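Undergrad: Encoded as structure tokens, here's the structure I'll be asking about.
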Amino acid sequence: MGIIGNSPSIVDLGTSREDLLSYYRQSGYWGTEELARRYACDLSPCAFLLSGSRQEELERLGQHTYAAVQQLNVRLCQIAGSSHIPPRDGHFLRIANAATRGLLRPLDQETAIPPAIKVDMVLGDEGFRIAEVDVYNPRGYGFSAFLEGSVPESLRGARYPGVSLLSELLKEKGGREWYAVVSHHERFYRETFAILARALAPHGIRMGVVDEEALALGRTQIPEGTGVLAIPASLNLHPKVRTELLERRAAGEIALFYPPVAYLESKAFLPYLRTCEGMEEFVPRTHLIGRSIETPDMTGPLVLKAAVSSGLKGVVFSELDPIEFSEGVEHARTMRTPSWILQEQVPQQPVPLTVFDKSGERVVRDYYLRFIAYVTAQGIIDVEITARPDPKVHGAPDCVQIPTVFA
């Protein structure tokens, strides 16, 4: 195990390519040739070392973010329940109503938020900065469980609690038997939900993975008294599944780990979250763009983001795609309900990571990092990293995925 290059934050854990490849296969992530193609990435034996100060920073970020999302939902429900809604508040409410995805609206007065939320971050010269608060997204837990299992046994105690904390939250929310419902639109993630299910089993949680179509056709049933991880926001092929799950939850027949408040994950709320206590430190300058909103005067590298999007879809960087960026801003200015945000791009420097090349040899290459944290009111479940040679960091065949460990 050793530090890579001049980066004190990156360590090569010493895992061989053969051992890493064996783990990828045995875990089920690359369990078949089809899955190996679906989840193709470069192999790296590295981990990110979180110093004590970085851990404290992340804990503070998590606490403030979770509290801000709770404040946001309460505020939206208050506005929706008011008999007189001022124009400014009505504007705020329209953003939420445009992002309900067929689930609950603020008018339904569901003030609860998910017990755990996903936060996407970058690490700049001044520390961690939030790119996105992905409130209604359970898809990442399988990737987190997968990376947790890749850490050598000798380091398991020097990291976040991971699956053990998630299992405790599931038990508190609704017991020990759960189901992950996979929509047709999100079928790409089916195997990662299966990995999560296998990781939860030693912690006393039984989780089944069921497809939207199987529920719609009655081939699979979710028994009364069990829990559903989340009602997918993309149950569009068989909307009756969404309706049935909402009705069963309202009747108390099933528990939901994620309250059906998909509107909270709209990126259009980032400017509001930045105004909440403790959040200005972590959220870069972010502004809504729309027909009735004066376009802010922002200079330097910027990012244009669609309010409702997945991954890097609907994300345009001013320096990388200047023409598309300018055209996107002009289009966003025409929208009656603001559907885009403009955000300062956090300057990043690539860091050296050891990867295995095509011949299986260790080589060092530079990568840009994106940090994904799963935060709760009780603390952080885990922090994982996706890295790419390109600043547009997302899952791709040239990405690497590495865990974090404590320094």
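FYI, it's all coordinate maths here, none of it is from the lab. Just so you know, these numbers come straight off a predicted model, no measurement behind them. In this analysis, Cβ positions are derived from the backbone assuming ideal geometry, glycine residues included, and neighbour counts consider all displayed protein chains.
Undergrad: Kindly check whether there is at least one residue in segment 302-324 that is outside any loop (DSSP other than H, G, I, E, B), more than 30 Å from PRO138 (Cα to Cα) and aliphatic (A, V, I, L, M).
TA: Yes, some residue in segment 302-324 is outside any loop (DSSP other than H, G, I, E, B), more than 30 Å from PRO138 (Cα to Cα) and aliphatic (A, V, I, L, M).
Undergrad: Collect the residues in segment 343-364 that are charged (D, E, K, R) and crowded, with 16+ Cβ neighbours inside 10 Å, keeping them in residue-number order.
TA: If we filter segment 343-364 for residues that are charged (D, E, K, R), which is where we start, we get 344, 357-358, 361-362.
Once the filter is applied, which keeps residues that are charged (D, E, K, R) and crowded, with 16+ Cβ neighbours inside 10 Å, segment 343-364 yields only GLU344.
Undergrad: A further question on this structure: Evaluate segment 333-341: report whether one residue or more is outside any loop (DSSP other than H, G, I, E, B), touching a residue at least 40 places away in the same chain (Cβ under 8 Å) and either touching a strand residue (DSSP E or B) at 6+ places or on another chain (Cβ under 9 Å) or surrounded by 14 or more Cβ atoms within 10 Å (Cβ to Cβ) (or both).
TA: yes
Undergrad: From the list THR337, THR376, exactly one residue is in contact with a Lys or Arg (Cβ under 6 Å, 6 or more places away or on another chain) and either closer than 16 Å to VAL119 by Cα or hydroxyl-bearing (Ser, Thr, Tyr) (or both). Which is it?
TA: Residue meeting the stated conditions: THR337.
Undergrad: Further, regarding this structure: So which pairs qualify, if the first residue must be in segment 110-129 and over 29 Å from GLU168 (Cβ atoms) and in contact (Cβ under 8 Å) with a residue 12 or more places away in the chain, the second must be assigned to a strand (DSSP E or B) and of a type in the set (D, E, K, R), the Cβ gap must be under 7 Å, and the two must be at least 6 apart or on different chains?
TA: That search, which allows pairs on different chains as well, returns VAL122/ARG129; VAL122/ARG370.
Undergrad: Here is a follow-up. Of the numbered conditions (1) within 21 Å of ARG129 (Cβ to Cβ); (2) in a strand (DSSP E or B); (3) aliphatic (A, V, I, L, M), VAL363 fails exactly one; give the number of that condition.
TA: (1)
Undergrad: Turning to a different aspect of this structure: Taking segment 27-60, which residues are among the polar types (S, T, N, Q), closer than 24 Å to VAL375 by Cβ and surrounded by fewer than 16 Cβ atoms within 10 Å (Cβ to Cβ)?
TA: Those that are among the polar types (S, T, N, Q), closer than 24 Å to VAL375 by Cβ and surrounded by fewer than 16 Cβ atoms within 10 Å (Cβ to Cβ): SER51, SER53.
Undergrad: Being of a type in the set (D, E, K, R) and more than 21 Å from ALA233 (Cβ to Cβ) is the filter here, so list the residues in segment 308-351 that pass it.
TA: Matches in segment 308-351: GLU319, ASP321, GLU324, GLU327, GLU330, ARG333, ARG336, GLU344.
Undergrad: Quick test for you: out of SER150, SER154, pick the one residue that is surrounded by fewer than 17 Cβ atoms within 10 Å (Cβ to Cβ) and either of a type outside the set (Gly, Ala, Ser) or on the phi < 0 side of the Ramachandran plot (or both).
TA: SER154
Undergrad: Another question about this same structure. In segment 61-116, which residue that is part of a helix (DSSP H, G or I) and among the β-branched types (Val, Ile, Thr) is surrounded by the fewest Cβ atoms within 10 Å (Cβ to Cβ)?
TA: Selected residue: VAL74.
Undergrad: From the list GLU153, GLU168, exactly one residue is more than 21 Å from the chain's Cα centre (by Cα) and not aromatic (Phe, Trp, Tyr). Which is it?
TA: On the way: GLU168 fails: more than 21 Å from the chain's Cα centre (by Cα).
Within the list GLU153, GLU168, the selection yields GLU153.
Undergrad: Here's something else I'd like to know. In the list MET207, MET279, which residue meets the criterion of being touching a strand residue (DSSP E or B) at 6+ places or on another chain (Cβ under 6 Å) and not β-branched (Val, Ile, Thr)?
TA: Values: MET279 fails: touching a strand residue (DSSP E or B) at 6+ places or on another chain (Cβ under 6 Å).
From the options MET207, MET279, the qualifying one is MET207.
Every residue, every condition in (1) among the aromatic types (Phe, Trp, Tyr); (2) on the phi > 0 side of the Ramachandran plot; (3) touching a Leu at 6+ places or on another chain (Cβ under 7 Å), yes or no:
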{"position": "ALA180", "(1), (2), (3)": "no, no, yes"}
{"position": "TYR189", "(1), (2), (3)": "yes, no, no"}
{"position": "VAL241", "(1), (2), (3)": "no, no, yes"}
{"position": "ALA251", "(1), (2), (3)": "no, no, no"}
{"position": "LEU256", "(1), (2), (3)": "no, no, no"}
{"position": "GLU265", "(1), (2), (3)": "no, no, no"}
{"position": "GLU280", "(1), (2), (3)": "no, no, no"}
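Undergrad: Identify, by number, the condition in (1) under 17 Å from the mean Cα position of the chain (by Cα); (2) more than 14 Å from PHE146 (Cα to Cα) that HIS184 doesn't meet.
TA: (1)
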